[in-house]
Amino acid sequence: MTVSINDYKAIVIGGSAGSFSVVSKMLAKIKPDFKLPIIICMHRLKHVRSGLVDSLNIKSNIPVVEPFDKDKIEPGKVYIAPSNYHLFIEFDNTFSLSTEGVHNHSRPAIDYTLSSAATSFRGKLIGIILTGANKDGAQGMKQIHTKNGYTIVQDPKTCDIVTMPKATLDLFTPKAIMSPDEITNFLNNLE
Amino acid sequence: MAYIPTINDIRDITPLLSEKLHFDYTNYGFSFLKRRFTFLFQKLSIKKLSQFIDGIHDGSLLDDINYLFPIPTTELFRDPSFWRILRQKINKYHSDKKLVFWLPELSSNEELFSLLIIIQSLNVGEDVKIYLNINNPQSKSDLLSGYLDIKNKELNKSNLKRLDDKLNEDDFILNTEDEYSLKSELLKSLSVLDGNFTEAQPPKNSVFMILFRNTMVNYNLRLQKTVESSFVECLQPDGLLALGIQERISPNSNEYFLFNENESIYKVIK
């Protein structure tokens, strides 16, 4: 099945333990002219403000930034949820941040980012869940699935820790289960 | 199971709340309103929308709404680097005029108590005055009892160490098996303003710094601009507005300029 890039407005990715190296490798291989915004919510240490973005930018073919509250979502950029903030996507194609309580022991919480993206972009969203050590993100992926977005789960056989992908697979059957390389190829081959 | 408010419910509730509480609830971010009213309805065990609306009309729910609606600050010394910079500024301040701070929305005690711990550690209580707005009895009671959320005990301790590893938690916090609170002797230099911050403000040109971190993330841009403008009058000519580290002043503002990029501190233009 051919998936057209014109059918989508954004990619949203969630991951926890082990996902940094997966994301880093994916961004190193993604086409420099990839035109959809990529929004990533990864569990991260709350006291380490810098470093993650710098590390990803070393290898990434697309600029990686941490959005400020009310920033516009622009194509051709990778956005990483800032530490100690939840990241939401609004109907007016902007980000909003929040310091509300932790969800699944996490701030940023993947469920919040994915669910709000599903509400804003509905079927025009590709949701990807990667390796991770808790169930955060599974409900958000289900929201994307329910709103007819395209859902991809990292193949548990390729995960450092399978809890997050398995929690997602327990809730619904995604469009695809792929290895990190297959996910990158899929994104690069969107026409 | 509590009632989950719909988009239309929120459109009905917010003008009514604005009228009763004299603050613009219609211009909070919409997704925030949806989450916050869902939370409020759970906390207050609201089973029907009419129960909530009646409680607003007859005033029986207003104190609870004022207490529960704002987002509590997550921890003592959130962003220790911000507090380090503030401590340096306080330490370097030498004037016969008091250094005036204003916390317009006391959503929880952590931001205020972080400031009070710094003031105590520098022994400059006599040189500082702090205004804060309180609009409900529970917040006042929490303040007077030095309330701190015990869930954040370890986090607060590690943040204090990140601020300055020579500081000793026991000098500031009562930490026993039964109690976890700010020591009462630190609760000085405080001037409580009754009501919300649009109704009750410190004197004109008096404030050195407004601490308003991570509050406007819940507003839309229109309300953010209005609130930023409402702060100008009380700031002293070189006064500062501290926002959260991932916040910016509204675009094209001609009222503030960036003073510290890493900590999102802005200086008023006047």
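The values are calculated or read from the model by the stated rules, or taken from the named source; none is laboratory data. No experiment lies behind these values; they were computed from the predicted model shown. Neighbour counts are summed over all protein chains in view; Cβ atoms, including those assigned to glycine, are modelled from backbone coordinates with ideal geometry. We work out accessible area using only protein heavy atoms, side chains counted, and drop any ligands, DNA or RNA first. Shrake-Rupley method; radii C 1.70, N 1.55, O 1.52, S 1.80 Å.
Quick one: would you say residue A:169 is touching a helix residue (DSSP H, G or I) at 6+ places or on another chain (Cβ under 8 Å), without any contact (Cβ under 8 Å) to a residue 24 or more places away in the chain and farther than 30 Å from residue B:159 by Cα? Talk me through it step by step, then tell me what you get.
Numbers: touching a helix residue (DSSP H, G or I) at 6+ places or on another chain (Cβ under 8 Å): yes; without any contact (Cβ under 8 Å) to a residue 24 or more places away in the chain: yes; farther than 30 Å from residue B:159 by Cα: yes.
Judged against the criteria, residue A:169 is a match.
Does residue A:48 satisfy being more than 29 Å from residue A:147 (Cα to Cα) and either assigned to a loop (DSSP other than H, G, I, E, B) or free of Cβ contacts under 8 Å to residues at least 24 places away in the same chain (or both)? Yes; evaluated as a whole, the condition is true for this residue. If you go through region B:70-91 and pick out every residue that is closer than 17 Å to residue B:160 by Cβ, assigned to a loop (DSSP other than H, G, I, E, B) and open to solvent by 10 Å² or more (accessible area, probe 1.4 Å), you end up with 3. Only residues that are open to solvent by less than 10 Å² (accessible area, probe 1.4 Å) and closer than 20 Å to residue B:263 by Cα were counted in region B:191-210, giving 3. Among the residues of region B:31-56, those identified as under 13 Å from residue B:12 (Cα atoms) and crowded, with 16+ Cβ neighbours inside 10 Å are B:33, B:34, B:37, B:49, B:52, B:53, B:56.
Highlighted here are the helices (runs of 4 or more DSSP H) found entirely within region A:52-169 that include at least 1 residues which are at pLDDT below 95, within 14 Å of chain B (Cβ to nearest Cβ) and touching a strand residue (DSSP E or B) at 6+ places or on another chain (Cβ under 6 Å): A:52-59. The residue of region B:178-209 that is nearest to residue B:70 (Cα to Cα), among those that are polar (S, T, N, Q) and in a loop (DSSP other than H, G, I, E, B), is B:196.
Cβ-Cβ distances below 9 Å connect the following pairs, each with a first residue in region B:229-241 that is closer than 13 Å to residue B:257 by Cα, a second residue that is part of a helix (DSSP H, G or I) and open to solvent by less than 20 Å² (accessible area, probe 1.4 Å), and a separation of six or more residues or different chains: B:239/B:231; B:241/B:228; B:241/B:231. Residue check: residue B:26 meets all listed conditions (1) buried (at least 20 other Cβ atoms within 10 Å of the Cβ); (2) without any contact (Cβ under 8 Å) to a residue 24 or more places away in the chain but one, namely (1).
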